[in-house]
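Before any comments, here is the structure.
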Amino acid sequence: MMIEELYPAAISWEGKTAWKRCDSAIAGRTSWPESSQAACTAMFLCINEAPLSDPQKQRLSRLIRDTSSCPEP
């Protein structure tokens, strides 16, 4: 668990704790999945599962709009 806190990039977007990677991905410290479809899925996971601040929600909404084939949040 401590490794996930220190190295969020080690968290798989496919795993049960993927929501823990949302903070770092929104901030640009780790990457979203490569394909736009997988990135969109991960971004909506963040909307639904991660505890986000209002600024994070706004940034994530912009990221979703900028991702091709991703529906509006």
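The values are calculated or read from the model by the stated rules, or taken from the named source; none is laboratory data. Source: prediction; values computed, not measured. Using ideal geometry, Cβ is built from the backbone for each residue, glycine included, and neighbour counts are taken over all protein chains shown.
Taking (1) of a type outside the set (S, T, N, Q); (2) closer than 17 Å to P8 by Cβ; (3) within 8 Å of the chain's Cα centre (by Cα) in turn, F44 satisfies each apart from (2).
In the range 32-41, of all residues being among the small types (G, A, S) and surrounded by 13 or more Cβ atoms within 10 Å (Cβ to Cβ), the one that is farthest from G15 (Cα to Cα) corresponds to S36.
Just so you know, in the range 42-73 the residues that are β-branched (V, I, T) and touching a Pro at 6+ places or on another chain (Cβ under 9 Å) include one that is farthest from A18 (Cα to Cα), and it is I64.
Can you name every residue in the range 28-44 that is part of a loop (DSSP other than H, G, I, E, B) and either within 22 Å of E72 (Cβ to Cβ) or free of Cβ contacts under 8 Å to residues at least 12 places away in the same chain (or both)?
Of everything in the range 28-44, those that are part of a loop (DSSP other than H, G, I, E, B) and either within 22 Å of E72 (Cβ to Cβ) or free of Cβ contacts under 8 Å to residues at least 12 places away in the same chain (or both) turn out to be G28, W32, P33, E34, S35.
Scanning the range 47-73 for residues that are in a helix (DSSP H, G or I), closer than 18 Å to P8 by Cβ and hydrophobic (A, V, I, L, M, F, W, C) gives I47, L60, L63. In the condition set (1) touching a Cys at 6+ places or on another chain (Cβ under 7 Å); (2) modelled with pLDDT under 95; (3) in a helix (DSSP H, G or I); (4) not basic (K, R), A9 is compliant with all but (1).
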